[in-house]
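Inspection log for the structure reproduced underneath, given as structure tokens.
Derivation of every value follows stated rules applied to the coordinates shown; laboratory data play no part. Computed from a predicted structure; not experimentally measured. Using ideal geometry, Cβ is built from the backbone for each residue, glycine included, and neighbour counts are taken over all protein chains shown.
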Amino acid sequence: MVRAVDRVYTRLRADILDGVHPPGARLGEAELAEQTGSSRTPVREALRRLEVEGLVEVLPHRGARVPDWTPEDLEEIYDLRMLLEGAAARRAATRIEPKDVDRMDELCGLMERAAGPGDGQDLDRVAELNAEFHGIVRAAAASARLVSMLNAVVQLPLVMRTFHRYSPDDLARSSAHHRELAAALRAGDGTWAESVMRAHVLAAKAVLLRAPDPSHDDTETRIR
């Protein structure tokens, strides 16, 4: 049987990553208890766990909220991602299985179709596929310590809805990076793979620091 705190934690975490509680949103214990059909005790414990993950910040005498990251926070997080994901790509190059690279190539095609302009564009789907793509690299790195460190910094792109900030050129560049990374891994070239991954993460950082938050825009557009 699932414990109440685990159920509440899973629900709150998903809601934060899905944007139900956007950056800066207050997280009142009473309201969350009502929303999750629980008491305040499991809500309080779930918030503590989410604070450890960096998805919630608890302010003295003010309660909890979803962090509203500053440009300095974003710089730091993406610089850490560049180092860690670059290291993961280097390790993966000599360990990844051909079938996993085949899946990465397949994911590239799926992302390109989902990112295409027009009514069929689905940037949330791009984000899901992208998470699977990068998850393959992390798994192939075969380093529990590295994955643990990465898990502490990879949630931010989901919360910030990064792909909704991408221009058509940004999406095309991201796609090219994905294709080149898969090629580097297939070649077993760790230096190449690390270089591509670092460039990929730095490009994402540039977009995030440049672009306005789409949730503050009254006009919904397909590509930002």
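Once the Cα gyration tensor of the chain is found, what semi-axes does its equivalent ellipsoid get, as square roots of 5 times the eigenvalues, in whole Å, sorted largest first?
Result for the chain: semi-axes of 32, 21, 16 Å.
In the stretch 50-73, whose amide N lies under 11 Å from the spot 7 Å out along Cα-to-Cβ of Glu31? List them in ranges.
64-66
Arrange the following residues from fewest to most other Cβ atoms within 10 Å of their Cβ: Ser148, Ser175, Ser167.
With the sparsest Cβ surroundings first, the list reads Ser148, Ser167, Ser175.
Starting at the first residue of the stretch 188-196, write each ³J(HN,Hα) from the Karplus equation 6.51 cos²θ - 1.76 cosθ + 1.60 with θ = phi - 60°, in whole Hz, x for Gly and Pro.
x, 9, x, 5, 4, 4, 5, 4, 5
Could you please rank Asp18, Asp170, placing first whichever residue has the fewest other Cβ atoms within 10 Å of its Cβ?
The fewest-first ordering by Cβ neighbours comes to Asp18, Asp170.
Quick check on the exposure proxy: order Leu80, Leu185, Leu123, Leu209 from fewest to most C-beta atoms within 10 angstrom.
Result, fewest neighbours first: Leu209, Leu80, Leu123, Leu185.
What is the Cα convex hull volume of the stretch 4-65 when expressed per residue in Å³?
In the stretch 4-65, the Cα convex hull volume per residue is 73 Å³.
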